[in-house]
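Novice: For reference, the structure I am asking about is given below.
Only the coordinates and a few stated rules stand behind these numbers; no lab work does. Quick caveat: nothing in here was measured; it's all calculated off a predicted structure. In this analysis, Cβ positions are derived from the backbone assuming ideal geometry, glycine residues included, and neighbour counts consider all displayed protein chains.
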Amino acid sequence: MHNSKPFRWIRSFIFLGLLIIAVLDLYPLFYMVYTSMKTSAEFAMNPSSLPKSLYLDNYKALYYRFDVQRLFFNTLFCVVSAMALSLILAIPASFAFAKIRFRLRGFFFMMMIATMTIPGVTFIIPNYLVMSRIGLVDQFLSVIIMWSVTSLPGSVFLLTSLMRGMPDELIEAVKIDGGNYFQLITRVVIPLSMPGIMTVSIFNITGWWNDLLTPLIYLQSDSMKTLTVAVSTILSLHSQDYPLLLAGLVMTATPPILLYIALQGFIRRGLVIGAVKA
Amino acid sequence: MALYEVLSTYSCPVRSQSIYGVEPMSLTKREKLIGLLSILPIFLFLSVFFYYPTLNTFFHSFTKWDGLNETWIGLKNYRDIFSSGDVWLLLRNNMIFVLAYPGIFLFCMIVTVLLHEQVAGWRFFRSVFYIPTILSTVVVGFLMKVMFSYDGTVNQWLRMFKLDFLATTWFDQTVTAFIVLIFCYYWQTLGQGVLILLAGMSSIPEEMYDASKIDGANWWQRLFQITLPSLVQPIFYFTFINVTWAFIGLFPLIYSVTGGGPGYSTTPIDFMIYIKGFMQNGEMGYASALSVILFILVMIVSWIQFRVSERLSE
């Protein structure tokens, strides 16, 4: 379509339209960043103006009063652990579903896929009670387990469909060389499915970092909260200080944006996989 | 047979025979065992944290339950939900987001078609459009809450452009509260839609367009005869995640922007389950019944969508 050489001015209009949308996308983000550097008095005077000076007290307040670095590492710890747990479980299972023949394989696959259509809120109350019975409420492990379990069916589904395309000859070659199962997984399966593993991990990591419901319910004391939860409970309810709230939002938004900037290609490819496999 | 032995003798049977000097387990049998062992941990986790709780919810939807004590009350929860009219209000709030979907779909479609013209800087625009999607709904929600506050930026602009009558307390009326909610939804979903549709569009071979140009088809004919029909899969995928989201994904948006208010007028089903289950003690039976209703709804909606997509792909 683009080589049909439409008139130059049509292309200019298209450019202008896209530019306006880009401004609408970026303006609230700039607003969030510069307003977080205003005092609340300055905000009350004029909510839209740029800050008069570089005022970082809101960030200092987050650091001293709200222990933001602890919240940050809480979140990071949960996200990284959940990723490790879900990959350790997902990779061998996906390989089994894709390449090993065993009885009831199709049945188990269906049983797993079926869980993807069940909304998370449906079972959250009994789940909470299970967690409290085994003493995991207010422990990071509860969130780590819940994130892994709820993401597993989707991750395995995607990795299985990718691993089906793995050449059988390579797998046979490892077996003939006398490699055992662990060597097969670590030397062939993981390297060959790296793009899929990256995609799954990026989507899971951003999803978990941004998640509200699970950590809101399982992590209750303030020192255990994740950043997203702390911003939406402590900061938003205990203060009407909007610039301070926005400083918290900036802290919450930064890691996913950095991850996106660094790994855009994987995210784009991931969305394509979803669109093709649906 | 120990787990280690099973795994370490995955290699070829000849070799393992020489090691153990006994008749080896046949390759297929060993593979079967490894296969089952590979998926076993997942199903242990799913059983404890997924299948059991789901069944448990079904059971408790027929009880009066505060988390400790349960009394069987049959269908009373369901009768209460339907007779009090609660469910219709909650459903209306979900349906508003379903009905808002065609709007954002159309907008995504237009933006995608424009991006596909590959004007200067289109790669940059493509990257920028996705940024709101990568953010937490909580961030978007609170940010918009600040911007739409009574003394906030949006009202200030409206006054500046002499549109004072539009400047309002956005969160005090149901209609304006929904306008803000849908604005958040659109703002965050544009990037997702554009990337999905654009990926579909880029996979259409250039030759198809060249051929149709030779046949004398104009830009619009190419759009409707080539582009749209090739996009059935991505469109279905995008529709599916958004319609499903309207039933099960609203929680963080509602939590951060309106808190379900004013009253319960922007409370969808999943937010109500949270309120009844975790905020108001002793209503867990009621919340379970709502969960079951939501579960059945999502099943029906998914089924309808799959049927429609099957029809369209034929």
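Novice: About its Cα centre, how strong a charge dipole does segment A:13-69 have in debye, to the nearest 20, once Lys and Arg get +1 and Asp and Glu get -1 at the Cβ?
Specialist: 120 debye
Novice: I need the peptides B:135-143, A:138-146, A:8-16 ranked by packing, meaning the mean over residues of other C-beta atoms within 10 angstrom, with the highest value on top.
Specialist: Those peptides, ordered most packed to least, come out B:135-143, A:138-146, A:8-16.
Novice: On average, how many beta carbons from a partner chain sit within 10 Å of the beta carbon of a residue in A:125-136?
Specialist: Rounded to a whole number, the mean comes out at 5.
Novice: I would also like to ask the following. What is the mean number of Cβ atoms from other protein chains located within 10 Å of the Cβ atom of each residue in peptide A:171-183, rounded to a whole number?
Specialist: For peptide A:171-183, the averaged partner shielding equals 4.
Novice: Over the protein assembly as shown, what portion of Cα pair distances is larger than 39 Å, expressed as a whole percent?
Specialist: 36 percent
Novice: Using the Cα centre of the protein assembly as shown as the reference point, and only Cβ charges (+1 on K/R, -1 on D/E), how large is the resulting charge dipole? Debye, rounded to the nearest 20.
Specialist: That gives a dipole near 620 debye.
Novice: Filter the trypsin sites (Lys or Arg not before Pro) in segment A:154-234 to those in DSSP coil with at most 16 other Cβ atoms within 10 Å of their Cβ, and list the result.
Specialist: For trypsin sites (Lys or Arg not before Pro) across segment A:154-234 that sit outside H, G, I, E and B with at most 16 neighbouring Cβ atoms in 10 Å, the list reads A:R164.
Novice: May I pose another question? Place a +1 charge on the Cβ of each Lys and Arg in segment B:85-313 and a -1 charge on the Cβ of each Asp and Glu, then give the dipole magnitude about the Cα centre in debye, rounded to the nearest 20.
Specialist: Charge dipole, segment B:85-313, about its Cα centre: 120 debye, nearest 20.
Novice: For B:T63, which sequence-distant residues (separation of 5 or more, or a different chain) have an amide H within less than 5 Å of its own amide H, given hydrogens modelled in the peptide plane?
Specialist: HN-HN under 5 Å from B:T63: B:I73.
Novice: Averaging sequence separations of C-alpha pairs under 8 Å and six or more residues apart, then dividing by the length of segment A:27-118, give the relative contact order as a whole percent.
Specialist: RCO, segment A:27-118: 16 percent.
Novice: Around A:K38, which amide H atoms from residues at least 5 apart in sequence, or from another chain, sit under 5 Å from its own amide H, with H modelled in the peptide plane?
Specialist: When sequence neighbours closer than 5 places are left aside, there are no close amide H contacts.
Novice: What percent do you get for the relative contact order of chain A when only Cα pairs under 8 Å and 6+ apart count?
Specialist: 29 percent
Novice: Further question on the same structure: So what is Rg over Rh here for segment B:53-126, counting just Cα atoms and using Kirkwood for Rh?
Specialist: Result: Rg/Rh = 1.38.
Novice: Across peptide B:110-123, what mean number of C-beta atoms from other chains lies inside 10 Å of a residue's C-beta?
Specialist: Taking the mean over all residues of the peptide, I get 4.
Novice: Shifting gears a bit: What are the ³J(HN,Hα) couplings of segment A:124-138, residue after residue, when phi is run through the Karplus curve with 6.51, -1.76, 1.60 and θ = phi - 60°? Round to Hz, x for glycine and proline.
Specialist: Karplus values, whole Hz, x for Gly and Pro: 6, 5, x, 4, 4, 5, 4, 4, 6, 5, 8, x, 9, 5, 6.
Novice: For segment B:26-69, go through all pairs of different Cα atoms, get the mean of 1/r, take its inverse, and jot down that Kirkwood value in Å.
Specialist: 12.9 Å
Novice: Can you quote the Å³ per residue value for the convex hull of the Cα atoms in chain B, rounded to an integer?
Specialist: Per-residue hull volume (Cα only) is 254 Å³.
Novice: Any number yet on Rg/Rh for segment A:57-277, C-alpha, Kirkwood?
Specialist: 1.04
Novice: Then there is this: Distance between the C-alpha centers of segment A:56-75 and segment B:258-275? Whole Å please.
Specialist: 30 Å
Novice: In Å, what is the Rg of the alpha-carbon atoms in segment A:1-151, and how long is Dmax?
Specialist: Taking only Cα atoms of segment A:1-151, I get Rg and Dmax of 25.4, 71 Å.
Novice: Under a cut-off of 15 Å between alpha-carbon atoms, report the aspartates and glutamates in cross-link reach of B:K276, not counting same-chain residues fewer than 8 places apart.
Specialist: B:K276 reaches B:D66, B:D80, B:D86.
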